[in-house]
Amino acid sequence: MDAWTLHPDRLLPADPAARGVARRLYDLTRDLPIVSPHGHVPTAMLLDDEPFADPTSLLLTPDHYVTRLLHASGVPLAELGVGQGPLSEADARRAWRHLCTHWSAYAGTPVRFWLESELVDVFGVTVRPSAETADAVYDTIAARLAEPGFRPRALFDRFDISFLATTDDPVDDLAAHAALAADPSFTGRVVPTFRPDRYLEVTAPAWADDVARLGEVAGVPTDTFSGWVAAMESRRAHFKEHGAVSADHSHVDPGTLDLDRADAERIYADALRGHVGTADGTALRRHMLLEQARMSADDGLTMTIHPGVRRNHHTPTFEQYGADVGADLPLEVSYTDHLRPMLERFGTSPGFTVVLFTLDETAFSRDIAPLAGFYPSVYVGAPWWFLDAPDAIRRWRAAVTETAGFSRTSGFIDDTRAFCSIPARHDMSRRLDAGFLAGLVAEHRLDEDEAAEIAVDLVVGRPAKAFGL
Amino acid sequence: MDAWTLHPDRLLPADPAARGVARRLYDLTRDLPIVSPHGHVPTAMLLDDEPFADPTSLLLTPDHYVTRLLHASGVPLAELGVGQGPLSEADARRAWRHLCTHWSAYAGTPVRFWLESELVDVFGVTVRPSAETADAVYDTIAARLAEPGFRPRALFDRFDISFLATTDDPVDDLAAHAALAADPSFTGRVVPTFRPDRYLEVTAPAWADDVARLGEVAGVPTDTFSGWVAAMESRRAHFKEHGAVSADHSHVDPGTLDLDRADAERIYADALRGHVGTADGTALRRHMLLEQARMSADDGLTMTIHPGVRRNHHTPTFEQYGADVGADLPLEVSYTDHLRPMLERFGTSPGFTVVLFTLDETAFSRDIAPLAGFYPSVYVGAPWWFLDAPDAIRRWRAAVTETAGFSRTSGFIDDTRAFCSIPARHDMSRRLDAGFLAGLVAEHRLDEDEAAEIAVDLVVGRPAKAFGL
Amino acid sequence: MDAWTLHPDRLLPADPAARGVARRLYDLTRDLPIVSPHGHVPTAMLLDDEPFADPTSLLLTPDHYVTRLLHASGVPLAELGVGQGPLSEADARRAWRHLCTHWSAYAGTPVRFWLESELVDVFGVTVRPSAETADAVYDTIAARLAEPGFRPRALFDRFDISFLATTDDPVDDLAAHAALAADPSFTGRVVPTFRPDRYLEVTAPAWADDVARLGEVAGVPTDTFSGWVAAMESRRAHFKEHGAVSADHSHVDPGTLDLDRADAERIYADALRGHVGTADGTALRRHMLLEQARMSADDGLTMTIHPGVRRNHHTPTFEQYGADVGADLPLEVSYTDHLRPMLERFGTSPGFTVVLFTLDETAFSRDIAPLAGFYPSVYVGAPWWFLDAPDAIRRWRAAVTETAGFSRTSGFIDDTRAFCSIPARHDMSRRLDAGFLAGLVAEHRLDEDEAAEIAVDLVVGRPAKAFGL
């Protein structure tokens, strides 16, 4: 069998008329540095720069994109190392064999594209994963991981990441970010992102304790709603000082609501006592999101909204393995009415920027593109989770471009915990954008010089614009 | 005019790069036997093996896919024989002429593909239907129907159907199935499907009588909810003894709900007295569906869910012609929250399997694929009714594959009353899957050897897996 | 740089197999006269036949399709002349420069297609708009506008518009229509459309005054619901006398509801006193729409329904600039249950016709096509606003054709205020239909002679059928 290689035209249009144009457009962007304004890479990984332990704990166990389809195929999460702490080599190999044995389960999925890019381009694997080749693939990667060139910082450099944002709790002291920024041997730009969700979920059992802790860290009592606002402002300022450019928000809906201050204080007080009803709790959460928008209009942190997820859908899995193991599921989302109170107030404010994401594709052409095509503050977010895949990305471009063009989109967002998949994810986006633009050129809807300018702008200009870089 | 023939590349991708691959993949599956795990062919037809009466009552009158578009075109259903009982030859010919005169109304529809396959491949028609050719086409088919090779069993053999499931009421004694199974001259495998919908619709006027009859047939009093459960278990066992592999469920939404047994009994008692409110009635119906899931987890009957239909939308049509005449219409469907109570309890149970269908395409990428990509019990059902058409099937594959792959899909389901359309429906599916896989190969997202394995697995392996064959 | 020209194959499929067929089909329709059964061109423009003032006030300022994306790009609407009254040449030029400077913002949008068609085909512009060419483009168009061949009537003739419907308030005396019809020097057919929305919005502050005025104009007291009905009937008759063929309806949902006359009268009386609740107000509005349907079944005016728009989403913009400036946004729409009361009563009435539109694409395959595939009175409306764009139109055809075919669609509707864009909009539709049909031919789903017949029917036959021309 010949060595396993990746075709240079992967994901480019098969149609010969468009493929030639797509190749030329892709050539303009393939080697541009990576800007990653939203994701979940741990800062400590780059600060400590320890070698990665093994292929499984790097590429398989922590990535719910990978584990969920194995779980659906009948492999218990424990067999994949989920929730098992550090793995013995035997356990790591056994988990890895599950992945390779079920390789065909990934056919047609983006995980397949990312993994094969990682295996071939990053680690130099030359055989296709299968039950037979599992150990050989494991050995190849394990050998690489022992080399200095495969430590986190070396890969960071090799991946050519010019900007990386992490995602952080408002009470985080950001010491790791400070240390990394102060380290003269690391020249990358790695910044935190303000993610205050838990402090807005006023009906959650842990909420009262969470806001008490927020108050302590901020040095501002949070026993009133006004105190909550002041504490938030203080922590946002702390994040800005450490380089943050955005605040990220994910609730079950993207509702915003203007409450009288007195009503907000009353519901807040009820919530602190644990006596808040669902309707009041929802109203306060939506009002809090409006307050976050007001703060963003003031401090300039771009607001990103990732709504509509039913977290931990399967309670037994949550109880055994915890959160973020692949059991979060999409819900219906609409934006037009939900965002109206926010956009009435800040939609045309010069300092305000908001990027909208969805797991419900119906919002692309119906809500998000029309909003971004009118409000100067609104950007169309890149396809997110479940939709960060070739055909979905094409559907997204086709759904939003005709109303919002290219200039109202945010640039690609990888939103990943899987560090080694970052280049493959951005590469996928660049290939697909080249293909989409080539399709417009092939149908004489755009001239190639215009398409070339847009292709580069999508990688360089749009994230800079949407995230104020 | 040349003879009317069907092009061998029908429905394969027009793009030359993909078409060659598609042809090779289709060649692997075109002649494989047909597995039909859900449909509506009457068992008696195969048991009695009487010749079909005429072209109209075989191909036109009973098929609401065909009659609805003629009705929309202004032809009253009575003119098509609907609700008219046995047709005189004059009436049958007149109805047939309506079909041929309106042939262009089917342009671009799957009915066109199925009918032309039936006319040419099954009956050897050589002229395209039109006002001018209507009688000639009628005569050709009528002549064939008089031949022994066109009796039901002969066609069953010729269609190479290796497994066929019918759809049956829980009170059915399944005598026809028993007789067919006991007939040494028939070697096909024809099994019943348990379809208990009417016994869950507790607010329907006929419900109390229906459950009384259920109790009689089961020999278990159904004057309590516990009795209802026991009667259901008894009838499911009867169906299993007669070869059933699945239970089919179709309600206005796919809600499931866990009720205390005392609440269930109270609402059940209210319902028997005809004094149940809408909210209580819905709650009990959803709890009953959860009970059906519990039974499926116990007895292994695969659960298929076909929700979201407004039945008999046009009351005057229902009053004149009855149900199933083309006046059922789709509703919005979401699954994530509706199925949560069921999947919390049975989602990872080894013996439980559920296949999800929808008429609302928004559920493909948002609900169904994400659920099937995590829960080992959940399979993505094939596109159903209104969506069992080339472009819709392509949208479906594009919407679900990136999240659920191919292995989490159920295999093709024809769900048809139109016996002679079964080969055409499965052929359409095989052509489209070959084309979809060829597209992945042409874009270098999949190797052709992998695509070949998947193409065969979709026809052979998936239905066997999802329906426990 | 070579002269800016438009490629003859614009929007035709890039795939060579389909492109040849598409060219032949497009050749059959490209020069057919334009039938425009719904739009917003002012009648007075054609009656007065004054020269257009300048490029900006003709092509930019009044067209919210154009201004909204400039607004999103950071250009205040005032800078574009919106709400500024007649523009000085300096202001007109400055606004025009904004358009040309932001030309790339339209890449991939239909506005780009329409504008380039207008600039090149109508006005003979030979350079691509940009910051550098803005003045030259302005000058070219301004020079043309001074010529007699660019007056409204001359363009009307040149555009070959055989039928044009305007949109009018029920209290309009239609004097302009009468004068135009009586003018022997104008031979075009220009008719009004009955648009009674405001008289159905019973909770709107101005409603009571509006219906009082309606009563005055109709000469029928509107102090009761029965009076309202009689006044409506009277005004509809007035419109019919002036050539109207349809009545247009746009509410937040397409709900219809049968109320007892006593309930309708009671709510109506409450509404006149300004004491109507939201639920009652919605019920009466839906009942009024049902009454409009009853009137359409009686008088034969085709009913067009354009639901699901949140008007004037950004109140500050509305207060500064008024309505119709690009701040209307789409909402979710479903039809199946909403229209049931109407279709139960009139769905099979011979004289009744209704055309359904949506801004929410989910309704295409789920609601609209299934309804039009059963009810002889229901037609699938062309993609509307936000969706009147190449990829959306393709999605629409793909979504509706498999269920409703071609014959149940209404023909193209331009729905535009932008007079000069009418030829480009119809041309876009013809190109896309040629391409869609060519795709079916290339996949051997349709013979080319059938496709040819359909292509012409979509331009000539469908609008005539759906609007009773």
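The values are calculated or read from the model by the stated rules, or taken from the named source; none is laboratory data. Computed from a predicted structure; not experimentally measured. Counting neighbours? That spans all protein chains shown, and the Cβs are built from the backbone with ideal geometry, glycine included. Quick note on the areas: whole protein, heavy atoms, side chains included, nothing else; ligands and nucleic acids left out. Shrake-Rupley method; radii C 1.70, N 1.55, O 1.52, S 1.80 Å.
In table form, for the structure just shown:
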{"quantity": "Amide proton proximity set for C:T304, modelled H, under 5 Å, gap of 5+", "calculated": "C:A247, C:D248, C:H249, C:V355"}
{"quantity": "Nonlocal amide H pairs with A:R151, under 5 Å, H built at 1.01 Å", "calculated": "none"}
{"quantity": "Rounded, prolate or oblate (a/c below 1.5 giving rounded, otherwise prolate when a/b exceeds b/c) for chain A by Cα gyration tensor", "calculated": "oblate"}
{"quantity": "Shielding by partners, peptide C:6-15 (average Cβ within 10 angstrom, other chains)", "calculated": "5"}
{"quantity": "From phi via Karplus (6.51, -1.76, 1.60), per-residue ³J(HN,Hα) for the range B:97-114 in Hz, x at Gly/Pro", "calculated": "5, 4, 4, 5, 5, 9, 3, 5, 5, 8, 3, x, 9, x, 4, 4, 4, 5"}
{"quantity": "Shape call, the range B:51-150: gyration tensor on alpha carbons, a/c limit 1.5", "calculated": "oblate"}
{"quantity": "With Cα atoms, 0 to 90° folded angle of helix C:225-241 axis to chain C main axis", "calculated": "40"}
{"quantity": "0 to 90° range, to nearest 10: angle between helix B:261-272 axis and chain B longest Cα axis", "calculated": "70"}
{"quantity": "Cα-based equivalent ellipsoid, the range A:91-181: semi-axes from gyration tensor eigenvalues, Å", "calculated": "31, 16, 14"}
{"quantity": "Accessible surface of the protein assembly as shown [probe 1.4 Å, protein heavy atoms]: carbon and sulfur percent", "calculated": "51"}
{"quantity": "Within 10 Å of each Cβ in C:434-440, the average number of Cβ atoms from other chains", "calculated": "2"}
{"quantity": "Average accessible surface area per residue within the range B:51-150, 1.4 Å rolling probe, Å²", "calculated": "34"}
{"quantity": "Helix C:207-218 axis, angle to chain C major axis (alpha carbon atoms, nearest 10°)", "calculated": "90"}
{"quantity": "Exercise: per-residue mean of other protein chain Cβ atoms within 10 Å, A:68-81", "calculated": "3"}
{"quantity": "Surface/4 of the Cα convex hull for the range B:124-276, nm²", "calculated": "13.6"}
{"quantity": "Interface C:A - total buried accessible surface [probe 1.4 Å, Å², rounded to 100]", "calculated": "3700"}
{"quantity": "Hz values of 3J(HN,Hα) by residue in the range C:129-141 - Karplus curve (6.51, -1.76, 1.60), Gly and Pro given as x", "calculated": "x, 6, 4, 6, 9, 4, 5, 4, 5, 4, 4, 4, 5"}
{"quantity": "Segments B:202-212, A:442-452 sorted - mean Cβ within 10 Å per residue, highest first", "calculated": "A:442-452, B:202-212"}
{"quantity": "Charge dipole magnitude, Cβ of K and R +1, D and E -1 - chain B, Cα centre, debye nearest 20", "calculated": "540"}
{"quantity": "Karplus (6.51, -1.76, 1.60) ³J(HN,Hα), θ = phi - 60°, over the range A:460-469, in Hz, Gly and Pro reported as x", "calculated": "9, x, 5, x, 4, 6, 6, 10, x, 7"}
{"quantity": "Space enclosed by the convex hull of the alpha-carbon atoms of the protein assembly as shown, per residue, Å³", "calculated": "186"}
{"quantity": "Amide hydrogen neighbours beyond the local backbone of A:V252, cut-off 5 Å, H modeled", "calculated": "A:G308"}
{"quantity": "Prolate/oblate/rounded call for the range A:417-469, Cα gyration tensor, a/c under 1.5 rounded", "calculated": "oblate"}
{"quantity": "Nearby lysines by direct alpha-carbon distance to C:K465 (threshold 24 angstrom, same-chain neighbours under 8 apart not counted)", "calculated": "C:K240"}
